[in-house]
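To start, the structure under review is shown below, and the notes come after it.
The values are calculated or read from the model by the stated rules, or taken from the named source; none is laboratory data. This is a predicted model, so every value here is computed, not measured. Note that we place each Cβ from the backbone using ideal geometry, even for glycine, and neighbour counts take in every protein chain shown.
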Amino acid sequence: MTLSQGRPYLAIPGPSVMPDAVLAAMHRPAPNIYEGEIVELAAGLIPDLRAVARTKGHVAIYIGNGHAAWEAALANTVAPGETVLVPATGRFGHGWADMAQGLGADVHMLDFGKSTPLDPAAVEAALRADTGHKIKAVLVTHVDTASSVLNDVAAVRAALDRVGHPALLMADCVASMAVDRFEMDAWGVDVAVAASQKGLMVPPGLGFVFFSDKAAQVRAAMPRVSRYWDWAPRANPEQFYQYWGGTAPTHHLYGLRVALDMLHGEGIEAVWARHETLARAVWAACEAWGQGGGTLRLNVANTAHRARAVTALCLPQGGAGQLRKWCETQAGVTLGIGLGMAEPGSPAADDFFRIGHMGHVNAHMVLGMLGAVDAGLKALGLPHGSGALAAATDVVAQVTAGATAGAPASAAAAAAR
Ligand SMILES: *Cc1c(COP(=O)(O)O)cnc(C)c1O
């Protein structure tokens, strides 16, 4: 017997759960790509994307994933031989650095390990030491999805300003966009990259690069930019047909239209508040499991340094692998593998797992997922503290206590702030 039949739940940190409304919008014949509805629809996406990133700046849409957006951001700003500074806090920080290296950049790494955020003072010291202003850009991962570390992007802007350093501030928001609070303009971010399949709730396949006027000037001074990655035509409404460098990603655009309507219908502040509450419910359960002889451990100790998109955990002696397998085969919920926390193939690789809680998730999904994990720990005989589910429901109950029955979901979420 298995209890996994029923609607499966993919609780990995991307791709995230796709709303039925997004999928339904994509289920239609291909449109004429040269004129009419799809052209107007695409133009209308731009202001709504800007509102999610909290910027009045530009946005270029690419047919590609987050890796494509990484490369696009660099291709427009950093020429071979130029220097980038990369404060890394997990596998994704190193991944973006590797992408820069592949484009011929001189990469200066600041490695802050896998469980703690970047130290703005160390970034400031590196900038101060760069008296010749060779560093062209600082590449910050807002949320490193492998470690679930949340970095303070605004603190890096403050460091740049204190030193008077002209480098561009770039932020990888693939995991955090529409999940964790991100304020591109208020935080002085020059370039932000995102992708469709996490907080934006659309299948993988679209990459987004937001950029400031300052970044546009840096682009204009580049000796050359590869045609496909060049963001200038993509961000220019007059050159609409070239947004795509070929055929438009028609069905992704239909899906994105609906996803943006959902996000703005809820309100971006309410979206952030929902993720905040659900993340705190996950943390409360995980902390309870780790007590009373329990071996489960949250990768990031300080709540202020934890992402609201994903939680990385350690369950030693292969417990993480066993638990993931049990949850998928016995309860229909798939948890994320550990990424970059141990050598691939080493015995420790099965000691880490991740819970994704980004995008189209609500209280019953998260509480159900936590219930499955609780049952799995019991069924597998893995040592764990008790009271996890009560701790999680306490969080949900407390933030919703003031909401009246029957109030619209968006009002309830707003009240949760
Ligand atoms: C998922 C992710 C990426 C990579 O995105 P892909 O679509 O898998 O290429 C990059 N950075 C962060 C922070 C991510 O979460």
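Every condition in (1) more than 11 Å from the ligand (Cβ to nearest atom); (2) surrounded by 24 or more Cβ atoms within 10 Å (Cβ to Cβ); (3) closer than 15 Å to Arg54 by Cα holds for Asp185 except the one numbered (2).
So, Ala159, is that one among the small types (Gly, Ala, Ser), modelled with pLDDT of 95 or more and away from the ligand (no atom under 16 Å from the Cβ) or not? Don't jump to the end; show me each part of the working.
Numbers: among the small types (Gly, Ala, Ser): yes; modelled with pLDDT of 95 or more: yes; away from the ligand (no atom under 16 Å from the Cβ): yes.
The answer is yes for Ala159.
Of all residue pairs spaced 6 or more apart or on separate chains, those with beta-carbon atoms under 8 Å, a first member in the range 263-286 that is in contact (Cβ under 8 Å) with a residue 12 or more places away in the chain and among the aromatic types (Phe, Trp, Tyr) and a second member that is surrounded by fewer than 21 Cβ atoms within 10 Å (Cβ to Cβ) and part of a helix (DSSP H, G or I) are Trp283/Thr303. Taking the range 296-327 as the range and being surrounded by fewer than 18 Cβ atoms within 10 Å (Cβ to Cβ) and farther than 21 Å from Gly340 by Cβ as the test, the residues that pass are Thr303, Ala304.
Got a sec? Which of Ala43, Ala60, Ala100 is in a helix (DSSP H, G or I) and at pLDDT 95 or above? Selected residue: Ala100, the only one of Ala43, Ala60, Ala100 that is in a helix (DSSP H, G or I) and at pLDDT 95 or above.
Rundown of residues vs (1) closer than 12 Å to Ala43 by Cα; (2) surrounded by 15 or more Cβ atoms within 10 Å (Cβ to Cβ); (3) of a type outside the set (A, V, I, L, M, F, W, C), yes/no style:
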| residue | (1), (2), (3) |
| --- | --- |
| Ala220 | no, no, no |
| Arg224 | no, no, yes |
| Pro233 | no, yes, yes |
| Pro237 | yes, no, yes |
| Trp244 | no, yes, no |
| Thr247 | no, no, yes |
| Thr250 | no, yes, yes |
| Leu253 | yes, yes, no |
| Val258 | no, yes, no |
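Condition check: under 26 Å from Trp187 (Cβ atoms), in a helix (DSSP H, G or I), hydrophobic (A, V, I, L, M, F, W, C) and away from the ligand (no atom under 16 Å from the Cβ). Does Ala51 satisfy that?
When the stated conditions are applied, Ala51 passes them.
Selection of the range 108-126 for residues being crowded, with 21+ Cβ neighbours inside 10 Å and more than 16 Å from the ligand (Cβ to nearest atom) yields only Val123. Among the residues of the range 79-129, the one identified as acidic (Asp, Glu) and touching a residue at least 40 places away in the same chain (Cβ under 8 Å) is Glu82. Look at (1) farther than 19 Å from His252 by Cα; (2) touching a residue at least 40 places away in the same chain (Cβ under 8 Å); (3) not β-branched (Val, Ile, Thr) and you find that His165 fails only one, number (2). Of the numbered criteria (1) crowded, with 20+ Cβ neighbours inside 10 Å; (2) among the hydrophobic types (A, V, I, L, M, F, W, C); (3) within 16 Å of Thr277 (Cβ to Cβ), the one Met365 fails is (1).
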